[in-house]
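A short write-up of the structure that comes next.
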Amino acid sequence: MDAKLYYDGENPTINRYEKIIYDMKGLAYQDMYSANHKIASPFFRIVVDQLKSYLLGNGVTLEKSAKKKLGRNFDQMISRAAKYAMIGGVSFGFWNLDHVEIFKVTEFVPLYDENNGALMAGIRFWQVDTNKPLRCTLYEPDGYTEYAQPTSGEMEIIKEKQAYIVHTTAAELDNTAILEGENYPTFPIVPLKNNEDSKSSLCGKRNTIDALDLACSNMVNNTDEGNLIYWVLNNYGGMDDLDDAKFIQRLRTVHVAHTENEEGTVEPHAIEAPFEGTQNTIDMLEKKLYQDFQAFDASAVQAGNQTATAIKASYVPLDLKADDFEEQVTMFVSGILELAGVEGEPTYTRNKIINVQEEIQSVLMIAPYVPEDYLTRKLLTLLGDADQVDEVLKERAAEELDRFDGGDEPPEDGNEEETGVEL
């Protein structure tokens, strides 16, 4: 899959690119003499990882009780599903009893209902090597069946269809008996689409990445060829190609050139590789890619102490893209929650570069109008200590209780049973 190669930094277009020269008859030949460096940029990986980290870097926010039911690595699996979806256009999450497993589009064949278009079945396949058996698992609403195909032979069933949830009991002599099996209320595999059309994030930008990689490759090629020194021999018209080769070989060996008479001269010349024009092209292509991918360009906020308003403005394109992708992620997570029997509404905390001082001042300005718990949560989140919120709130509550308990005096009538805190 080409999109995966671009993500891995292996531009397949550049790798297949070869220079061609034509002879006097117009016949094409591969140029075996000119420099042909092939440089592939990791730009696609940068934008995919940027959106994944921006939206899901802090995980999916759910109640703790709900999060525990989804498995320890739930956030990591959702992040992986998002990466696979952006690369391949869609990925698939399989709820397997107490955890979620993620399938790439290159290892799972979805089977949709012809009437309503819903995902109703699918085949996952894998093969360790060409000399190893091909393994397949057919997932259906009422269970799954496992198949295997040897290197020479037909596909055969290695495990008959069984329910997704199996209740077993251990008997004597380590015998395990299956008591009963049950399935989920719906098909236990949920698709995560990159967009409504399930297209890769690479669509529409591939040619621009190819142009950037080609420009970078040509710059190195020009530098490589420009480092060569060529020689001009005056009044040496009697020399043929063999004589020229011997001349260069002697120069490389003894670094001395002899002239036969006073009129013959030998002059070295060097070619300066064009740099400025190519660099301008590279800068233009990089800027266009940031615009096309709606990515955040960190170089735009690196100069000086940027204000919070300027930083927020730089995030607008990325926010628009993240809003669209967040809708798909929420549908995916909600489908997993339904299969797991967990109630909750997923939310996300986006990773942003901020001017912390300005943000804290803005929060403190609204302090008289919001509860203390909200103020504490907001400040700790800005300081990067969001995981300490619950602990800090408990400590504040305990201190508040100790203060009131230690400072209150019994009422004047001596009735201690009516003591309390007046708010």
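Tell me which of these residue 372 doesn't satisfy, since it passes every other one: (1) under 30 Å from residue 393 (Cβ atoms); (2) surrounded by 13 or more Cβ atoms within 10 Å (Cβ to Cβ); (3) of a type outside the set (Val, Ile, Thr); (4) touching a Lys or Arg at 6+ places or on another chain (Cβ under 9 Å).
Answer for residue 372: the failing condition is (2).
Could you please find all residues in the stretch 1-34 being among the hydrophobic types (A, V, I, L, M, F, W, C), closer than 30 Å to residue 105 by Cβ and open to solvent by less than 80 Å² (accessible area, probe 1.4 Å)?
Here is the first cut: in the stretch 1-34, the residues among the hydrophobic types (A, V, I, L, M, F, W, C) are 1, 3, 5, 14, 20-21, 24, 27-28, 32.
Among the residues that remain, those that are also closer than 30 Å to residue 105 by Cβ are: 1, 3, 5, 14.
Residues satisfying the conditions are 3, 5, 14.
Any idea which residue in the stretch 347-377 is modelled with the highest pLDDT, counting only those that are among the β-branched types (Val, Ile, Thr) and not in a helix (DSSP H, G or I)?
The initial filter retains those residues of the stretch 347-377 that are among the β-branched types (Val, Ile, Thr), namely 347, 349, 353-354, 356, 360, 363, 366, 370, 376.
Restricting the remaining residues to those that are not in a helix (DSSP H, G or I) gives 347, 349, 353-354, 366, 370.
Values: 347: 91, 349: 85, 353: 68, 354: 63, 366: 84, 370: 84.
Restricting to residues being among the β-branched types (Val, Ile, Thr) and not in a helix (DSSP H, G or I), the top hit is 347.
Taking residue 311, is it open to solvent by less than 20 Å² (accessible area, probe 1.4 Å), farther than 20 Å from residue 54 by Cβ, outside any loop (DSSP other than H, G, I, E, B) and in contact (Cβ under 8 Å) with a residue 12 or more places away in the chain? Steps first, please.
Numbers: open to solvent by less than 20 Å² (accessible area, probe 1.4 Å): yes; farther than 20 Å from residue 54 by Cβ: no; outside any loop (DSSP other than H, G, I, E, B): yes; in contact (Cβ under 8 Å) with a residue 12 or more places away in the chain: yes.
It is false that residue 311 is open to solvent by less than 20 Å² (accessible area, probe 1.4 Å), farther than 20 Å from residue 54 by Cβ, outside any loop (DSSP other than H, G, I, E, B) and in contact (Cβ under 8 Å) with a residue 12 or more places away in the chain.
What is the residue count in the stretch 97-136 for residues that are open to solvent by less than 90 Å² (accessible area, probe 1.4 Å) and in a strand (DSSP E or B)?
So the answer is 20.
Condition first: within 18 Å of residue 107 (Cβ to Cβ) and either of a type in the set (Phe, Trp, Tyr) or open to solvent by 40 Å² or more (accessible area, probe 1.4 Å) (or both). Now tell me which residues in the stretch 141-155 satisfy that.
Restricting attention to the stretch 141-155, the residues satisfying the condition of being within 18 Å of residue 107 (Cβ to Cβ) are 144-149, 155.
Passing the criteria: 144, 147, 149, 155.
Could you say which residue among 40, 35 is modelled with pLDDT of 90 or more, out of contact with any Phe, Trp or Tyr (no Cβ under 7 Å at 6 or more places or on another chain), part of a loop (DSSP other than H, G, I, E, B) and among the aliphatic types (A, V, I, L, M)? If you could, list the steps in order and put the result at the bottom.
On the way: 35 fails: modelled with pLDDT of 90 or more.
Going through 40, 35 in turn, the sole match is 40.
Please verify whether residue 29 is within 25 Å of residue 103 (Cβ to Cβ), outside any loop (DSSP other than H, G, I, E, B) and among the hydroxyl-bearing types (Ser, Thr, Tyr), treating the condition exactly as stated. If you could, list the steps in order and put the result at the bottom.
On the way: within 25 Å of residue 103 (Cβ to Cβ): no; outside any loop (DSSP other than H, G, I, E, B): yes; among the hydroxyl-bearing types (Ser, Thr, Tyr): yes.
So residue 29 fails the test.
Among (1) within 21 Å of the chain's Cα centre (by Cα); (2) in contact (Cβ under 8 Å) with a residue 60 or more places away in the chain, where does residue 101 come up short?
Of (1) within 21 Å of the chain's Cα centre (by Cα); (2) in contact (Cβ under 8 Å) with a residue 60 or more places away in the chain, only one is false for residue 101: (2).
The values are calculated or read from the model by the stated rules, or taken from the named source; none is laboratory data. Small disclaimer: the values here were computed from a predicted structure and weren't measured. Positions of Cβ are backbone-derived with ideal geometry, glycine not excepted, and every protein chain shown enters the neighbour counts. Ligands, DNA and RNA are excluded from the accessible area calculation, which covers all protein heavy atoms including side chains. Shrake-Rupley method; radii C 1.70, N 1.55, O 1.52, S 1.80 Å.
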